[in-house]
Structure formats: structure tokens, C-alpha cells
1. Listed here are the pairs Lys147/Lys172; Lys105/Lys172; Lys172/Lys216; Lys172/Lys222; which of them are more than 24 Å apart at the Cα?
2. Roughly how far apart, in whole Å, are the Cα centres of region 18-86 and region 138-191?
3. Multiply the residue separation of Arg143 and Ser211 by 0.36 nm, subtract the distance between their alpha-carbon atoms, and state the gained length in nm to one decimal.
4. Under a point spin-label approximation (7 Å from Cα along Cα-to-Cβ), what is the Glu39-Ala114 distance to one decimal in nm?
5. Spin-label point model (7 Å from Cα, Cβ direction): what's the His70 to His27 distance in nm?
6. With a cap of 11 neighbouring Cβ atoms within 10 Å, and only residues DSSP puts in a loop, list the trypsin sites (Lys or Arg not before Pro) found in region 213-244.
7. Report the extension gain between Thr238 and Arg187 in nm, rounded to one decimal, defined as 0.36 nm multiplied by the number of residues separating them, less their alpha carbon distance.
8. I'd like the carbon and sulfur percentage of the solvent accessible area for region 1-56, probe radius 1.4 Å, heavy atoms only, ligands and nucleic acids excluded.
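The values are calculated or read from the model by the stated rules, or taken from the named source; none is laboratory data. Just so you know, these numbers come straight off a predicted model, no measurement behind them. A quick note on method: Cβ atoms are made from the backbone with ideal geometry, for glycine too, and the neighbour counts reach across all protein chains shown. For accessibility, only protein heavy atoms count, side chains too; no ligands or nucleic acids. Shrake-Rupley method; radii C 1.70, N 1.55, O 1.52, S 1.80 Å.
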Amino acid sequence: MEATPHIVVVDDHQEIRELLVRYLSQHGYTVSAAGGAAEFRAQLEKGLTADLVVLDIMMPGEDGLSVCRHLRATTTLPVIFLTAMAEDTDRIVGLEIGADDYLVKPFNPRELLARIRAVLRRANSPRPATGEPAAAVSSQLIRFADKIFDPVRQEITGSDGLAIPLSTGEFKLLSVFLANPGKVLSRDALLELTSGRDADVWDRSIDNQVSRLRRKIEPDPKNPELIKTFWGDGYSFTGRVGPA
């Protein structure tokens, strides 16, 4: 029997927290809540485990962007931003930081539920739904450049021995690149291979996902050596790939 997914709602508005706890609980999820970043961090320090975080951006004290940066540096926990900021630039910043999706207030709880289900499906399905499967979804360690990719832990380890966790999107994107070294993959192909039928408008920000991944694997992300851009065509992973 599968465990019930655990969702954490982090929002300083009590009405929203109570609404989402009640609504998501009614749809079969285990739900916890925190009134701000400090409370959420305290829960994490006490051993809180979760499957997804619904995270408000505009909160007193530490904001959601800072919390998301912390999560991306230490975990692979999926994040859906919930915020009143509706500008495209704000959405892009959230996605670049590592959010898996983004919903603007006021919102329909049914839409949030649909997005939670889609993100959890992607997080729990390491093999792409269509197209050529990514070789790195097996338990085999993969070496590229001076790094080791561990698909079980969803992390990479550099020559310094430090492990760097990957978000769900980064993990799937790197898996596809490592399965197709030397091939130029279009943005649509990358979208299909990483998200399959669950793809939506936010998954189409492949450029932002590539940018985040470069920051974790490239010696100089501004002058990438491993993931090359082919203008008008897409991207290609040019590093040597082999078993660790």
C-alpha cells in the first residue's frame, strides 16, 4: 500500500493555510502548515519529512524565494510557489531558483490540486513518459567530466567530494543529457523527454532549467563547456559520459 503524500503549506495568511489544509486533506493528502519561514525551518530541523511544499513568496521576515534557495541547496523536495506577484519576471525568477510550478493569488483550489498532482507524478516517475528513456534512471553511477552522478540519491559529486542535490527538474534534464551525449536536442524534445504528457506551460521554460543545471555542473556557467547551446536548434551535452 502506497504512503499518503505529505504536503506542507507555508503561508502567513491563516485563512489560506486553513483552507488548503482542509481542502487537500479532503482529497486524500496528509497536510501540515507553517505560518512563515522560521516556523517551517524549525519543523525541518525537528525531522519533518514531506513530498511537496506549497510556498508563499511574500511573507514577513524571510521570504519564500530565500526558503526555496535553501531547499534547492539541501533537498530535492518539489516546490510550488503560491504568491500575489503576477509579473512574468517574478515567475521566471521563481522558476530559475528551482520552483517546480507557480500559481498566482487569488487562485482556485482545484487548480492548485491539479498542479500538485502533476508535480508529484513527475517527481515519482523518473523515466520519461515518451521518447528515448534516460539511461541514468538506473542505479548505476555515471561519470562525466570530473563529476559522479548518483541517480538513486539524485545528486552529483565533484572532485572535492561534496555532494550537490538536484531538483526533480534538474535530475530529469541531466538524465536525458547523459543518455544522449553529443546529440543536439531541441527544446520541444527536452520538454517531451523530461515531462512527457504531464508537461504544462511552466515546463516549457527549458532555458531556465538548463541555466540552473549549468550552475551546478559547469566550472564557468557563463561559458559552458558541457551543455552547449546550438542557436535555433537546442542544446547538446558534449562531455564524455561513462560508468563510474
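1. Cα-Cα > 24 Å for Lys105/Lys172; rest within.
2. If we compute the Cα centre of each part, the gap is 26 Å.
3. Length difference between fully extended and current span is 22.4 nm.
4. 3.0 nm
5. According to this spin-label approximation, the distance is 2.7 nm.
6. Lys222, Arg240
7. Answer, rounded to one decimal: 16.7 nm.
8. Within region 1-56, the accessible surface is 49 percent carbon and sulfur.
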